[in-house]
Amino acid sequence: SSSVLGSEVRLLAGVAMAQAPGWTSVPVPAQRADNLKVFSTRFSPENEYIAAAHSNGHIAVIDSATGAIAFNLNTHGTMPTTQVVWRPLLATSKTKNVLVSVNSEDKGLVQHWHIKSGKCLHTIEDTQQIFAIDYTSDGQLFATAGQSRAVKVYDEATKRVFATLVGGDQKTCAGHSNRVFSVKFHPLNRNTIVTGGWDNTVQVWDARKGHAVMSMFGPYVCGDGVDISPDGLEVATASWRFEDNLQIWDMRTGAVRETPQWGTQSNLYTARYSKDGSKLLAGGSGEHDVVVLQRTGDSFKVAQKFSDQRAIFTADVSSDMTKLCFAGASGYVRCVDL
């Protein structure tokens, strides 16, 4: 049942700020597992499912239409599953419905799961904890990052390391000096990767050179708080602080383009663009809210807000941009209509 994993999806119509100044809240159900958190949520490529990674290692695959848990993965895990990502639909692969997870075991694991059979198709063992993973848009490469401060790029077909990116050019950037919590491939250039973490920098990496080539100074990223706009021109960062917590950066120059404001104080964990770049999600602690910002001309304006009882660590929007899911310290997954 959903209470076993502490996951529940409630479908709720979103209310635009213009119609209702107050936030739309989802009450926490009475029954839940204490201290169970959700670190990562993702809609499947065709929006049929929502995958949720839990602090006890469990991965719940939830039917996005009904809220029922359709599949349970990694039911015997003990350490937190820190992030999940769906493998892009590949014309070259016969196996669909593949979910890939990373975790914070002492030797971090990358695991490929076939959701319908519950089988782990492949396991890669790293040397340190892993906190983040992302795929190229064509699904041929994936990258991981975490405790080691380096970025590892893998070939999906062979599951072998394609490149290890570490350090910088020692002129304008030096790579990361602390843990990395977010990694994203450039949507149009598979050789460009962007990461953020605890060292108050965002690093832009060139896989061909094997090191970072540009730094954006300031963001304090403590979750999946870095994303690249679909056109590849912007980087959004979510920082765990009240001031300048959400920032939009110019991908080409590394300069801040915008610092959206919405009138509440939250330390942010997550930022994520919609598939078409017209919306930007941001969520965190403090106000325990997730905000949907709408692109209006050259800037983002608040369109909708939703709140939880505890901090929000993760949010995602369906590829058809009709639904939002979010989760965090409450242990529950919420699904709302946009």
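The values are calculated or read from the model by the stated rules, or taken from the named source; none is laboratory data. Small disclaimer: the values here were computed from a predicted structure and weren't measured. Neighbour counts run over all protein chains shown; Cβ positions are idealised from the backbone, glycine included. With ligands, DNA and RNA removed, areas are computed over all heavy atoms of the protein, side chains included. Shrake-Rupley method; radii C 1.70, N 1.55, O 1.52, S 1.80 Å.
Looking only at segment 282-301, count every residue that is among the acidic types (Asp, Glu), open to solvent by 10 Å² or more (accessible area, probe 1.4 Å) and either out of contact with any Ser or Thr (no Cβ under 9 Å at 6 or more places or on another chain) or within 20 Å of residue 227 (Cα to Cα) (or both) and tell me the total. Working first, answer last.
Looking only at segment 282-301, we keep the residues that are among the acidic types (Asp, Glu), and these are 287, 289, 298.
Going one step further and asking which of them are open to solvent by 10 Å² or more (accessible area, probe 1.4 Å), we end up with 287, 298.
Checking which are either out of contact with any Ser or Thr (no Cβ under 9 Å at 6 or more places or on another chain) or within 20 Å of residue 227 (Cα to Cα) (or both) leaves us with 298.
Selection size over segment 282-301: 1.
Examine segment 169-181 for a residue that is over 15 Å from the mean Cα position of the chain (by Cα), of a type in the set (A, V, I, L, M, F, W, C) and open to solvent by less than 20 Å² (accessible area, probe 1.4 Å), and state whether such a residue exists.
Going through segment 169-181, the residues over 15 Å from the mean Cα position of the chain (by Cα) turn out to be 169-179.
Now narrow it down to the ones that are of a type in the set (A, V, I, L, M, F, W, C): 173-174.
Applying the additional criterion that residues be open to solvent by less than 20 Å² (accessible area, probe 1.4 Å) yields 173.
Yes, segment 169-181 contains at least one residue that is over 15 Å from the mean Cα position of the chain (by Cα), of a type in the set (A, V, I, L, M, F, W, C) and open to solvent by less than 20 Å² (accessible area, probe 1.4 Å).
Within segment 67-76, the residues that satisfy the criterion of being open to solvent by 20 Å² or more (accessible area, probe 1.4 Å) and either without any contact (Cβ under 8 Å) to a residue 12 or more places away in the chain or part of a loop (DSSP other than H, G, I, E, B) (or both) are 68, 74, 75, 76. Could you please let me know if residue 139 is closer than 28 Å to residue 49 by Cα and touching a residue at least 60 places away in the same chain (Cβ under 8 Å)? Answer is no for this residue. For beta carbons closer than 8 Å, sequence separation of 6+ or different chains, a first residue in segment 285-300 that is under 28 Å from residue 37 (Cα atoms) and a second that is part of a strand (DSSP E or B) and open to solvent by 60 Å² or more (accessible area, probe 1.4 Å), the qualifying pairs are 293/301. When the residues of segment 45-66 are narrowed to those that are in contact with a strand residue (DSSP E or B) (Cβ under 6 Å, 6 or more places away or on another chain) and outside any strand (DSSP E or B), which ends up nearest to residue 140 (Cα to Cα)? Filtering first and then ranking leaves 45.
Does segment 141-154 contain at least one residue that is more than 25 Å from residue 268 (Cα to Cα) and surrounded by fewer than 16 Cβ atoms within 10 Å (Cβ to Cβ)? No, the conditions are met nowhere in segment 141-154. Here residue 122 meets each of (1) touching a His at 6+ places or on another chain (Cβ under 7 Å); (2) open to solvent by less than 30 Å² (accessible area, probe 1.4 Å) with one exception, condition (2).
Of these, 263, 328, which one is modelled with pLDDT under 95, open to solvent by 30 Å² or more (accessible area, probe 1.4 Å), among the small types (Gly, Ala, Ser) and out of contact with any Asp or Glu (no Cβ under 6 Å at 6 or more places or on another chain)? Write out each step before concluding.
Details: 328 fails: open to solvent by 30 Å² or more (accessible area, probe 1.4 Å).
Exactly one of 263, 328 is modelled with pLDDT under 95, open to solvent by 30 Å² or more (accessible area, probe 1.4 Å), among the small types (Gly, Ala, Ser) and out of contact with any Asp or Glu (no Cβ under 6 Å at 6 or more places or on another chain), namely 263.
One line per residue, one yes/no per condition, for (1) touching a residue at least 24 places away in the same chain (Cβ under 8 Å); (2) assigned to a strand (DSSP E or B); (3) within 16 Å of residue 141 (Cβ to Cβ):
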residue: 174; (1), (2), (3): yes, no, no
residue: 183; (1), (2), (3): yes, yes, yes
residue: 203; (1), (2), (3): yes, yes, no
residue: 215; (1), (2), (3): yes, yes, no
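Just one of the listed residues (309, 304) is open to solvent by 10 Å² or more (accessible area, probe 1.4 Å), over 16 Å from the mean Cα position of the chain (by Cα) and modelled with pLDDT of 90 or more, namely 304.
Of everything in segment 103-119, what is open to solvent by 40 Å² or more (accessible area, probe 1.4 Å) and either touching a residue at least 12 places away in the same chain (Cβ under 8 Å) or not in a strand (DSSP E or B) (or both)? Give them in sequence order. If you could, list the steps in order and put the result at the bottom.
Within segment 103-119, the subset open to solvent by 40 Å² or more (accessible area, probe 1.4 Å) is 105-107, 114, 116-117, 119.
Selection gives 105, 106, 107, 114, 116, 117.
If only one of 279, 323 is more than 26 Å from residue 200 (Cβ to Cβ) and at pLDDT 95 or above, which one is it? Checking each option against the conditions leaves just 279.
Can you tell me how many residues in segment 125-140 are within 28 Å of residue 275 (Cα to Cα) and open to solvent by 10 Å² or more (accessible area, probe 1.4 Å)?
Narrowing segment 125-140 to residues within 28 Å of residue 275 (Cα to Cα): 130-140.
Retained after the next criterion (residues that are open to solvent by 10 Å² or more (accessible area, probe 1.4 Å)): 131, 134-135, 137-138, 140.
Of the residues in segment 125-140, 6 are within 28 Å of residue 275 (Cα to Cα) and open to solvent by 10 Å² or more (accessible area, probe 1.4 Å).
From the list 26, 4, 38, 9, the lone residue that is at pLDDT 85 or above and of a type in the set (A, V, I, L, M, F, W, C) is 38. Tell me yes or no: at least one residue of segment 236-247 is within 27 Å of residue 164 (Cβ to Cβ) and either surrounded by fewer than 17 Cβ atoms within 10 Å (Cβ to Cβ) or among the aliphatic types (A, V, I, L, M) (or both). The answer is yes; a qualifying residue exists. How do the pairs read when you match residues in segment 235-251 that are free of Cβ contacts under 8 Å to residues at least 60 places away in the same chain and closer than 11 Å to residue 270 by Cβ with residues anywhere that are in a strand (DSSP E or B) and open to solvent by 10 Å² or more (accessible area, probe 1.4 Å), using Cβ under 6 Å and keeping only pairs 6 or more apart or on different chains? Listed pairs, sorted by first residue: 236/227; 237/247; 240/267. Every listed requirement among (1) in a strand (DSSP E or B); (2) under 22 Å from residue 248 (Cβ atoms) is met by residue 162 save one, (2).
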